[in-house]
Amino acid sequence: YLNVWTPTLKTSAKLPVIVWIHGGAYIFGSGSLNLYDGTPMAKKGAVFVSLNYRLGSLGFFAHPALEKTQAGGAYNFGLLDQVAALKWVAKNVEQFGGDPDDVTIMGQSAGAKSVLAHFATPLSRGLFSKGIALSVYILPDAKLETAREVAAKVAKTVGLDGERATLADLRKVAADRFGEIVDKDASLGPVPIVGDAMMPRSIADTFADGGEARLPLIIGNTSDDASVVAAFGVDPEALLKKIGAAGFALKLLYPGVTDPEALARQALRDVVFTMNSRWVADRHRKRAPTWRFYFDYSAEKDRPGLPFGVPHGNDVPFMLDTGHLYEGTKNIFTKRDRAYARATSGFMYEFARTGSPSFDDEPDWEDHRVLRDRTLVFGSDKIELKRNFMRVRLDVLIGVTKIVDTIFNRK
């Protein structure tokens with residue numbers, strides 16, 4: 001299912017198109033939430049499309065019974081749904097005033113992971129022209145062996161004979177049964193699977209080798225993205241112990257941060273999110289223009305309850321300018337919050353419209369390069385372009401790749 005907002009139905013309008021891919025760890029979420037309302041972007045002049053895609057076991061499932069039906073398998077059904085949606089947009093968006101040759105894909109969290117997956121996969125070539133990834137995480141994509149083990153656990157959880165369940169057995173199970181699974185060991189979220197036509201190689205390997213699409217990209221994260229780490233199945237304390245055991249002098253990397261909890265959250269934020277944005281930007285800028293951001297603005301009335309910064313996902317009402325519509329913020333959004341959201345979303349719209357995010361009287365957002373390290377910081381007081389933002393800290397984190405592999409148990 002797709003939702004489309006447009007300011008005109010003139011087929012000659014050739015308006016920029018923004019396709020929103022929702023997050024939710026590939027387990028939950030919906031493109032129909034009013035947090036993702038497309039009215040503000042349509043008022044700016046874009047055709048805005050949100051979509052739904054299969055989630056959980058129905059979206060990412062590598063059971064042997066399914067593998068027998070197609071050579072090479074098809075496992076990432078949720079991502080394939082997104083490809084189908086992009087094909088629909090290419091074929092039909094002109095009827096809604098949109099330009100099928102000017103499509104920007106935009107997503108947050110698992111939606112951002114999806115954006116990078118579309119950059120990496122050959123199946124999405126020619127279906128979009130730009131990308132925006134909000135809070136994409138470093139967690140490695142699932143290996144096929146792991147995915148098969150999880151699929152067997154799913155089959156057992158719904159009352160079947162694990163890996164020996166037949167395709168007929170699986171198809172007799174009501175969809176709701178799959179949706180009711182709560183066992184974390186029977187879930188692959190929040191990552192897709194490596195090993196089918198959609199993802200023949202991992203996202204990280206594709207970007208490392210320069211095999212991704214040569215298209216403009218905006219990438220960044222929030223100041224307290226670590227608020228979601230526990231939901232990813234990562235134990236914060238255990239992760240910090242691994243970091244400590246690997247020889248990180250955290251106090252040297254975070255001068256002035258004396259509160260243990262604040263130190264832990266900042267370290268986790270950077271290991272899982274900030275470092276990943278820099279790593280991707282460093283590589284992708286060799287192939288196409290790349291812009292980095294760091295979001296540190298919370299709604300004014302929310303700030304007393306957010307001592308560690310902007311939680312995972314709290315940038316979305318500003319990026320899409322939906323804070324005055326979304327149930328979670330509409331009753332607290334101040335005039336300043338509204339103005340900030342209009343400016344923030346303005347960068348996103350301008351990028352979709354022109355391929356460059358700078359506009360009007362806002363700070364000139366320079367693209368990121370190795371010899372020109374630039375990050376646009378959406379701060380609590382102002383929006384400003386910063387040079388070498390967290391550069392030394394991120395250089396240290398990126399430089400110790402073996403430690404990162406150990407942290408996430410990659411071989």
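The values are calculated or read from the model by the stated rules, or taken from the named source; none is laboratory data. Because the structure is a prediction, the values reported are computed rather than measured. Ideal geometry is used to build each Cβ from the backbone, glycine not excepted, and the neighbour counts take in all protein chains shown. Areas reflect the complete protein model, heavy atoms only, side chains present, ligands, DNA and RNA absent. Shrake-Rupley method; radii C 1.70, N 1.55, O 1.52, S 1.80 Å.
Summary table
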read-out: Val49 vs. criteria modelled with pLDDT of 95 or more, open to solvent by less than 40 Å² (accessible area, probe 1.4 Å), under 22 Å from Leu116 (Cβ atoms) and not in a helix (DSSP H, G or I); value: yes
read-out: Which listed residue is out of contact with any helix residue (DSSP H, G or I) (no Cβ under 7 Å at 6 or more places or on another chain) and more than 24 Å from Arg269 (Cβ to Cβ), from Glu362, Glu350; value: Glu350
read-out: All positions within segment 333-372 that are in a loop (DSSP other than H, G, I, E, B) and buried (at least 20 other Cβ atoms within 10 Å of the Cβ); value: Phe333, Pro357, Trp365, His368
read-out: Residue check for Asp99: outside any loop (DSSP other than H, G, I, E, B), farther than 22 Å from Thr354 by Cα and of a type in the set (Asp, Glu); value: no
read-out: Evaluation of Gly256 against (1) at negative phi; (2) in a loop (DSSP other than H, G, I, E, B) (one fails), failing number; value: (1)
read-out: Matching helices (runs of 4 or more DSSP H) fully within segment 106-209 where at least 2 residues are on the phi > 0 side of the Ramachandran plot, surrounded by fewer than 16 Cβ atoms within 10 Å (Cβ to Cβ) and modelled with pLDDT of 95 or more; value: none
read-out: Residue count, segment 173-216 (criterion: closer than 14 Å to Arg283 by Cβ and without any contact (Cβ under 8 Å) to a residue 60 or more places away in the chain); value: 2
read-out: Residue ID - nearest to the chain's Cα centre (by Cα), chosen from residues in segment 13-38 that are aliphatic (A, V, I, L, M) and either closer than 19 Å to Met348 by Cα or open to solvent by 60 Å² or more (accessible area, probe 1.4 Å) (or both); value: Ile21
read-out: Flag for Asn34 being within 17 Å of Asp315 (Cβ to Cβ) and of a type outside the set (Gly, Ala, Ser); value: yes
read-out: Output for segment 68-98, where each listed residue is within 24 Å of the chain's Cα centre (by Cα) and open to solvent by 30 Å² or more (accessible area, probe 1.4 Å); value: Phe77, Leu80, Asp81, Ala84, Lys87, Trp88, Ala90
read-out: Test: residue in segment 311-329 that is touching a residue at least 40 places away in the same chain (Cβ under 8 Å), charged (D, E, K, R), over 19 Å from Asn221 (Cβ atoms) and surrounded by fewer than 15 Cβ atoms within 10 Å (Cβ to Cβ); value: yes
read-out: Residue pairs meeting the criteria (Cβ under 8 Å; at least 6 apart or on separate chains; first closer than 21 Å to Lys130 by Cα, in segment 1-20; second polar (S, T, N, Q) and open to solvent by 40 Å² or more (accessible area, probe 1.4 Å)); value: Leu2/Asn52; Asn3/Ser32; Trp5/Thr39; Leu15/Thr6
read-out: Near pairs, Cβ below 6 angstrom, 6+ apart or cross-chain, from segment 367-393 (touching a residue at least 60 places away in the same chain (Cβ under 8 Å) and among the hydrophobic types (A, V, I, L, M, F, W, C)) to any residue that is loosely packed, with under 14 Cβ neighbours inside 10 Å and in a strand (DSSP E or B); value: Val377/Glu384
read-out: Residue among Lys43, Lys10 that alone is surrounded by fewer than 20 Cβ atoms within 10 Å (Cβ to Cβ), in a helix (DSSP H, G or I) and either among the hydrophobic types (A, V, I, L, M, F, W, C) or more than 22 Å from the chain's Cα centre (by Cα) (or both); value: Lys43
read-out: Neighbours by Cβ (under 8 Å, 6+ apart or cross-chain): first from segment 278-299, assigned to a loop (DSSP other than H, G, I, E, B); second of a type in the set (Lys, Arg); value: Arg285/Arg369; Arg287/Arg214; Ala288/Arg214
read-out: Test: Leu86 is more than 30 Å from Glu350 (Cβ to Cβ) and not in a strand (DSSP E or B); value: no
read-out: Matching residues, segment 255-299, being within 16 Å of the chain's Cα centre (by Cα) and open to solvent by 30 Å² or more (accessible area, probe 1.4 Å); value: Trp279
